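Starting off with a structure, shown below.
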Amino acid sequence: MRNKKEFNVPFMKYVGGKGQFVDAIARLMPPKFGKGTFSNYYEPFLGGGAVALNMLLLSVPRKVYLSDITPELINTWHCVQRNPIRLLRSLHDIKLPACIEDYQSVRKEYNVAKCRDINTGAKWIDSMTDKQKFTIAAQYIYLNKTGVNGIYRVSKRKNEFNISWNKQLKPCFPNHQHLSEVSMLIRNAEITCQSFTLALRGVQENDLVYADPPYDKTYDNYTANGFGVEGQVHLFNVLQNMSARGAHVFASNSDTDYVRSLYSGWEKVILQRKGTISSDGCDRGKVNELLMFKRAMELQNVA
């Protein structure tokens, strides 16, 4: 039996990660009503993957589709899925930062690799050798664990990762047991780098969708283009369409008047985060978030 408390913890930090909410979210999702109450699982904003890993511990979907638009993030998930031991070796080859120059050296090497062509999206990964893929995945984890607050932010002009070193932090890298367990959980998942629109085009009746996009009026610099109001509206329309197909659809977002108005016909639950990071990297204390959902019709009246 897997130890849920140990292995549903993501192997990297992620702003807005759902680690503290996974149990609350799971209680509202179809597995609450018995095994086999949904078919396939879709998560188009994968990030640190807390909800996805928890779902895979609690249930056995027919097929799992995980995606994100950040190529370097998806490359890291692919490396964990394929060969976690090789990834750890690459990570251990990078020395811990003793000074800011050590950190900046790794960050510069990472940016040189990731910024070959700002316009090609995920294609730059396809052009890499296998060794390069594992090296840049190791650098991604290294920068995630040694940078400020686990933030992943890129500059709008150059698309370069620009988070500073957190010299006060003693980095806690994933170990062999943790990465190997995550690798086993996601071994049959289809993990892709693509927009949420493309990622959700295959959703059918009785599938389960969970969307955790960049939040309204908060941090959204995961890519040079951001997300914005246009992204929020487009996502809502896509999720409405998934619900109309008969899917169970769940979405997280900020508890703002705009989000409440946009999702006016959806059920809502307030979740309180114990400390959040604003777009300038400052701690904003406790903040409410919304979990909004529409279950497929056959579950609407189940207690």
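What three numbers, in Å, describe the spread of the alpha carbons of segment 65-181 along their principal axes, ordered from the longest?
37, 36, 24
Quick check on packing: order 82-93, 256-267 by the mean number of other C-beta atoms within 10 Å, highest mean leading.
82-93, 256-267
List the residues whose amide H sits under 5 Å from the amide H of TYR152, counting only those 5 or more places along or on another chain, with H placed 1.01 Å from N in the peptide plane.
Sorted by chain and number, the residues that satisfy this are VAL15.
Taking a threshold of 18 Å on the Cα-Cα distance, which of the pairs LYS95/LYS145; LYS13/LYS95; LYS13/LYS145; LYS167/LYS274; LYS18/LYS133 fall above it?
Going by Cα-Cα distance, LYS13/LYS95; LYS167/LYS274; LYS18/LYS133 fall outside the 18 Å limit.
Test of understanding: what is the full-extension gain from ASN162 to ARG89, defined as 0.36 nm times their sequence separation minus their Cα-Cα distance?
23.8 nm
Please give the peptides 20-27, 130-137 ranked by average Cβ packing (other Cβ atoms within 10 Å per residue), highest first, as a rough proxy for protection.
130-137, 20-27
Also, I was wondering about something else. In nanometres, what is the gap between the two model label sites at LYS286 and SER155, each 7 Å from Cα along Cα-to-Cβ?
Modelled inter-label distance: 4.0 nm.
Please arrange CYS79, CYS193, CYS99 by counting, for each residue, the other beta carbons lying within 10 Å of its beta carbon, fewest first.
CYS99, CYS193, CYS79
Under 13 Å from the Cβ of LEU169, count the other residues' Cβ atoms, weight Lys and Arg +1, Asp and Glu -1, and hand me the total.
The answer is +4.
With each label point set 7 Å from Cα along the Cα-Cβ vector, what nm distance links GLU190 and GLN177?
3.5 nm
Another one. Compute the distance in nm between two label points, each set 7 Å from the Cα along the Cα-to-Cβ direction, one at VAL233 and one at LYS274.
If labels sit at VAL233 and LYS274, their model points lie 3.9 nm apart.
FYI, it's all coordinate maths here, none of it is from the lab. Just so it is clear, the structure is predicted and the values come from calculations on it, not from any experiment. Quick reminder, even Gly has a Cβ in these numbers, built from the backbone with ideal geometry, and neighbours come from all protein chains shown.
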